[in-house]
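Notes to accompany the following structure.
Bear in mind that the values in this text are calculations on the coordinates, not laboratory data. These numbers were taken from a predicted model, which means no experiment stands behind them. Reconstructed Cβ throughout: ideal geometry from the backbone, glycine too, with neighbour counts over all protein chains shown.
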Amino acid sequence: MAPKMMILTKIQQARYILDMYNQEYLYFKSLKDFRSNTKDTSGRLDPRELNVSNKQLKKLTIKISESKELHLHKMESFSAQFMEYFSESKINCCSFHWLEIEPHNAPSTFNEKLIDLGDKALLIYNWKRFLDILDRTLGKQKMEFSRKKVIYYNPKEFNGDLSLHHKDQEYSWQNEYRILIAPTDNMPIRIPVPGLKKISCIVDTKRLPELRIEITN
């Protein structure tokens, strides 16, 4: 089996990517800013962001009057969910596309929608070194953090508790790796990543499909 390479890919507008690269830091935004019922063109905003549970309802009744009820669960194709979410969070987030690529092939995780997230992509090719640096920095700042690949779920089928590393399967094209830090005051935070320029590079997002791994002796 051919070796697969993983590259943490931060996609945003050029001015943000260039500043993060040149100044060697990561930009963390309040997680609540990613929750919105408005359909945005970028595809970043998710109305289920910050949800902590998704329960499938087996019974749903509307009381019309003192003597009459409407049993919706008896109707054909009944489907309903009860969702809970953090109304007040003090958590900031930095998200990446977890890009996967095999030798001589285009990245298997690339989706055209990624281009709409921003015109520049920061490719962190030594991601293990990067995470070591980030962990030490956050430790020195005495911040709590969690980081892992996002788990995508179907809201119409999933029944149970959710973590802040869960997202609606509608966004699975993002193949997101998420880093969360807390506690914060929900304002944007810059976290230093000394040595970032040595383990990363910048490309135009539209060029991501052209990336290739070449194996030479």
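Rounded to the nearest whole Hz, the Karplus-based 3J(HN,Hα) values (6.51 cos²θ - 1.76 cosθ + 1.60, θ = phi - 60°) of the range 207-214 follow the sequence 8, 3, x, 8, 4, 9, 9, 10, with x at glycine and proline.
Once the other residues with Cβ under 10 Å from the Cβ of Val203 are scored (Lys, Arg +1; Asp, Glu -1), what is the net sum? Within the 10 Å Cβ shell, the charges total +1.
Can you match Cα extents along the principal axes in Å to one of these, (1) 113, 30, 28; (2) 79, 41, 31; (3) 49, 41, 33, based on a calculation from the structure here? Evaluating Cα extents along the principal axes in Å on these atoms matches (2). Full extension of the chain segment joining Lys113 with Gln56 gains 17.5 nm, where the gain is 0.36 nm per residue of separation less the Cα-Cα distance. Each helix, a run of at least 4 DSSP H residues, gives -39500 (n - 2.57); summed and divided by the residues of the chain, these come to -3500 deg cm²/dmol at 222 nm.
Helix 127-140 and the longest principal axis of the Cα set of the chain meet at an angle near 70°. Each residue of the range 184-199 was assigned a 3J(HN,Hα) from its phi angle through the Karplus expression (A = 6.51, B = -1.76, C = 1.60, θ = phi - 60°), giving 9, 9, 6, 8, x, 10, 9, 9, x, 10, x, x, 4, 5, 7, 10 Hz with x at Gly and Pro. Taking amide H as placed 1.01 Å from N in the peptide plane, Ile213 has its amide H under 5 Å from the amide H of His104, Asn105, each at least 5 places away in sequence or on another chain. Excluding the sites themselves, what is the longest stretch of the chain that contains no GluC sites (Glu not before Pro) in a DSSP loop with at most 13 other C-beta atoms within 10 Å? Looking at the chain, 89-156 is the longest stretch - no exposed GluC sites (Glu not before Pro) with at most 13 other Cβ atoms within 10 Å.
Kindly express, to the nearest 10 degrees and within the range 0 to 90, the angle between helix 14-23's C-alpha long axis and the longest C-alpha principal axis of the chain. Helix 14-23 sits roughly 60 degrees off the main axis of the chain. Extension gain, Lys197-Trp173: 0.36 nm per intervening residue step, less the Cα-Cα distance, totals 5.9 nm.
With 0.36 nm allotted per residue and the present C-alpha distance subtracted, the Asp132-Ala182 stretch has 16.2 nm of extension available. Taking a point 7 Å from the Cα of Ala106 along the Cα-to-Cβ direction, the residues of the range 173-202 with backbone N closer than 19 Å to it are 173-175. Of the residues Ile62, Ile189, Ile11, the one that moves most in a GNM of the chain with alpha-carbon contacts below 10 Å is Ile62.
Here is the link list: Lys142/Lys198; Lys90/Lys142; Lys167/Lys197; Lys55/Lys113; Lys156/Lys206; Lys32/Lys149. Which ones come out longer than 22 Å on Cα distance? Lys142/Lys198; Lys167/Lys197; Lys55/Lys113; Lys156/Lys206, as the Cα separations exceed 22 Å there.
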